[in-house]
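Some notes on the structure that comes next.
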Amino acid sequence: KKLDQVQKNLKFTNHFIMIDPGDLKLEEPWKSFNGMLETGESFLSDNKDYVLKAIDAVKADDWATIIYTSGTTGEPKGAVLTHRNFISNVENSTKFLEVTSEDSFLSFLPLSHVFERMAGHYLSCYHGAMVSYAESIDKVAENMGEVKPTLMVSVPRLYEKIYARVLEGVESGSPIKQKIFNWALKVGSEYIDKVMNHKEISGILQFKRNLAYKLVFSKLAERVGGRIRFFVSGGAPLSKEIAEFFGAAGLIILEGYGLTETSPVISVNRLDKFKFGAVGPLLPNVEVKIADDGEILTRGDHVMVGYYKKDADTKEAIDDEGWFYTGDIGILDDDGFLKITDRKKNIIVTSGGKNIAPTRIENSLTNSPLIEQTMVVGDKRKFCTAVIVASEESLAKWAEKNDIQYGSYKELVGLPEVKELLAKEVVKTTKNLASYETIRQFVLADAPFTIETGELTPSLKVKRRVVLEKYGKKIDDMYDV
């Protein structure tokens, strides 16, 4: 009935399909789902070579899709991507990532996001692998146990949550359990460091690593399904500390780098050539150069046609020689690994003239089990501050342990004891930063950042401008003291 009311206004909608009409009698333009299938079968019966002709008619440089950028620093733009863009990315990624028809993927990122579209959909289909779709973001952990994936593509948020949960479990354990865990982590770190640097592993180290895995790390492996060969991380920077932890535990995260406009992969680590804190060697047939101001430029078949109906933006992003300006700051090291410093637009320049990359600070903060999300502030300001989302689960356990009563999450984060607890955590997690990078003050968000409330993109990246608008008054107050 609702659709019938607006039907005349839907100028481009020609067909209306009801999945299960029951006893309802449908009239034009309505058709049942089964009726649609019958129409298709009849059409294909009369046009047996239609599908093959349609496939043959598609050319490599035809548009495949328009995918919109996440819009973390501005309005989203539609990147026009061709079949050549995706095929080049899939085939070149395959030369690095070992994927077979025996693999099983668990997908939970939206397919409107280019990372999941390419790596979780096109790449898996290219190899005939199985893909299972998680029921929701909240059920990913449960679904891992059900599906038992061999490969998984994710943004860093998932790995951060697993890491925080492990640390929380260790801290609440007995002194002997903590001692065993710390020993296992030390052994695992020594082992994976030798693997990463292609150094010989002694029999004693191999024995200790096997024991560490049996006593400690096998439990983590089971938690993620028990069959993971490797994870892939992209969409946002992964903390080096978290990459090292998973590596030590025998669960390699291959971090990669790319953008919507590059369909998306530019570089990715691989099992026989990886480096923590780097986003890997370049894909074959992908060119990269670093501009004088540190910006990463790339050229090749992976670069988009342009932005949909935005010629000026396209000319600004792609120069006459075909170089795409990524907007990211980074370096290529002597081993050919690409390292990302930060987004060019995210770089904070304090009123004292200090240049600060906020992502590194934010990663340090979210390594704490007590901190769920954060956003560093300080551009054109005297010092750095932050908007912090505390972990509701961790805080609830802390409140129960300390016999602290509260009614709601908002009430809990408003307690002075919680502010004091988080202040100590901020100091602890950022102790290795330069003095001008130190978080002098912070505000606790009233509620978690979510997609629904507008602070997160579908790929779980923080929309800085939205957070700045929402907490603008509280941020200003921190600088008025």
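Laid out as a table, the results:
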item	result
Two-site label geometry, residue 316 and residue 292: point separation in nm, points 7 Å out along Cα→Cβ	2.1
Residues with amide H under 5 Å from that of residue 107, placed H, sequence gap 5 or more	132, 133, 134
Cα-based shape type of segment 249-373, given that a ≥ b ≥ c are square roots of the gyration tensor eigenvalues and the cut on a/c is 1.5	oblate
Segment 389-453-segment 1-55 distance, computed between alpha-carbon centres (Å)	53
Mean-position separation - Cα centroids, segment 217-249 and segment 171-214, in angstrom	15
The chain - mean residue ellipticity at 222 nm from DSSP helices (-39,500 (n - 2.57) per run, n ≥ 4, rounded to 500)	-10500 deg cm²/dmol
Estimated FRET transfer efficiency (residue 26, residue 204; beta-carbon r; R0 60 Å; 0.05)	0.20
Over the chain: Kirkwood hydrodynamic radius from C-alpha pairwise inverse distances, Å	25.1
Whether segment 370-481 is rounded, prolate or oblate, judged on the alpha carbon gyration tensor where a/c under 1.5 counts as rounded	oblate
Fraction of antiparallel bridges per DSSP, the chain only, in percent to nearest 5	60
Ranked by how many other beta carbons lie within 10 Å on average, peptides 77-89, 334-346 from highest	77-89, 334-346
Trypsin sites (Lys or Arg not before Pro) within segment 391-481, DSSP loop, no more than 13 other Cβ atoms inside 10 Å	431
Overall form of segment 37-186 per C-alpha gyration tensor (a/c, 1.5; a/b vs b/c)	prolate
Virtual spin-label span in nm between residue 4 and residue 49, 7 Å along Cα→Cβ	4.6
Where the chain is the region considered: accessible area per residue in Å², 1.4 Å probe	53
Cross-link reach list, lysines versus residue 2, counting only Cα pairs under 30 Å and skipping chain neighbours closer than eight places	11, 25, 31
Hits among aspartates and glutamates - C-alpha to C-alpha of residue 461 under 18 Å, sequence gap 8 or more where chains match	75, 116, 138, 160, 255, 261, 328, 342, 362, 372, 452, 469
Potential lengthening between residue 56 and residue 402 on full extension [0.36 nm per residue; Cα-Cα distance subtracted]	117.7 nm
Candidates per trypsin sites (Lys or Arg not before Pro) in segment 186-255, loop by DSSP, up to 11 other Cβ within 10 Å	199
Using a Förster distance of 45 Å, the FRET efficiency for residue 325-residue 17 (Cβ separation, nearest 0.05)	0.55
Rounded to whole Hz, the Karplus (6.51, -1.76, 1.60) HN-Hα couplings of segment 341-355, x for glycine and proline	8, 4, 6, 4, 6, 8, 4, 8, 10, 5, 5, x, x, 7, 8
GluC sites (Glu not before Pro) lying in DSSP loop within segment 69-176, provided at most 12 other Cβ fall within 10 Å	102, 135
Segment 32-40 - phi-based ³J(HN,Hα) in whole Hz, Karplus 6.51/-1.76/1.60, Gly and Pro as x	7, 4, 4, x, 5, 4, 5, 4, x
Rough spin-label spacing in nm, given labels placed 7 Å along Cα→Cβ, for residue 227 and residue 347	4.6
Within the accessible area of the chain (1.4 Å probe), percent carbon and sulfur	52
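The values are calculated or read from the model by the stated rules, or taken from the named source; none is laboratory data. From a predicted model like this one, the values you see are computed outputs, not experimental measurements. Positions of Cβ are generated from backbone atoms using ideal geometry, with glycine treated the same way; all protein chains shown enter the neighbour counts. When the accessible area is computed, the model is the full protein with side chains, heavy atoms only, and any ligands, DNA or RNA have been set aside. Shrake-Rupley method; radii C 1.70, N 1.55, O 1.52, S 1.80 Å.
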